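Enquirer: Dropping a structure here in structure tokens format, bear with me for questions.
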Amino acid sequence: MLKATNIVKSYNGKVALKDVSFEVSKGEIFCLLGQNGAGKTTTINIFLGFIKKDSGQAFIGDKEVGIDDTNQLTAYIPETVQLYGNLSGIENLDFFSRLAGFKYTTPELEAFLAKTGLQSDAQHQRLASYSKGMRQKVGIAVALAKNAEVIFMDEPTSGLDPKATSEFTKICKELAEMGKVIFMATHDIFNAVELGTTIGIMKEGVLAQRLNANEIDAGQLNQLYLETI
């Protein structure tokens, strides 16, 4: 569902990505670890079409990023979800769904929010009163409403308390069971092992390690991460 082939990207002569190649299948949760500046966010931004690669190819399904229209296939949940604080959760969901070309009834919008675990009494409250975890749930509901096949996330557990992190992990696993692809840049080694099916480690623009999450524990991953970077 997601494929990178020899992607290269430089900024002002400095290499950000060097021959990055990987494939991610439906139902897979790919957790990408690495220091700041390793190339994690650049990789996501290329797939989202926010920046252009210098060379190589990026595919989402059978569509090539930068050549075919891939916007309907993807959703993006950044570290800080950009929503409108003066609107309620359901109003934000309605607005962004309409931007993507979808029009839902109020019960349908409520069902999307309920699927993410957002409490019914919070759905009609202004977003300004929401915690980060609640904002993320609205962002995930937008991805569901768009029927996105691939959901990109950048540091999604940063700033979440243990309960919110646990709820987030549960939602992501449910999305993967629905056949969605989740591609996540993170610093959270423990959550990567708990949540991911595949773990990658980037170093200076190179995908230095690719691991099956079922074959490594958090302690082993932490040691490998330190040795790699």
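The values are calculated or read from the model by the stated rules, or taken from the named source; none is laboratory data. Being a predicted model, the structure only gives us computed values, none of them experimental. Cβ placement follows ideal geometry from the backbone for every residue including glycine, while neighbour counts extend to all protein chains displayed. These area figures cover heavy atoms from the full protein model, side chains too; ligands, DNA and RNA do not enter into them. Shrake-Rupley method; radii C 1.70, N 1.55, O 1.52, S 1.80 Å.
Enquirer: Can you tell me which residues in the stretch 160-173 are open to solvent by 30 Å² or more (accessible area, probe 1.4 Å) and in contact (Cβ under 8 Å) with a residue 40 or more places away in the chain?
Expert: Across the stretch 160-173, the qualifying residues are E167, K170, K173.
Enquirer: Among the residues that make up the stretch 167-175, is at least one of them closer than 22 Å to F22 by Cβ and either touching a Leu at 6+ places or on another chain (Cβ under 6 Å) or not basic (K, R) (or both)?
Expert: Yes.
Enquirer: Still on this structure, please answer the following. So, T43, is that one in contact with a Ser or Thr (Cβ under 7 Å, 6 or more places away or on another chain) and closer than 22 Å to E204 by Cβ or not?
Expert: So T43 fails the test.
Enquirer: Before we move on, is A38 open to solvent by less than 40 Å² (accessible area, probe 1.4 Å) and in contact with a helix residue (DSSP H, G or I) (Cβ under 7 Å, 6 or more places away or on another chain)?
Expert: So A38 fails the test.
Enquirer: Could you give me the residue pairs with C-beta distances under 8 Å whose first residue belongs to the stretch 1-21 and is modelled with pLDDT under 95, whose second residue is among the charged types (D, E, K, R) wherever it lies, and which are 6+ apart or on separate chains?
Expert: M1/K26; M1/E28; M1/E149; V15/K9; V15/E204
Enquirer: Of the residues Q209, Q220, which is under 24 Å from V8 (Cα atoms) and either over 13 Å from the mean Cα position of the chain (by Cα) or in a strand (DSSP E or B) (or both)?
Expert: After applying the criteria, what remains is Q209.
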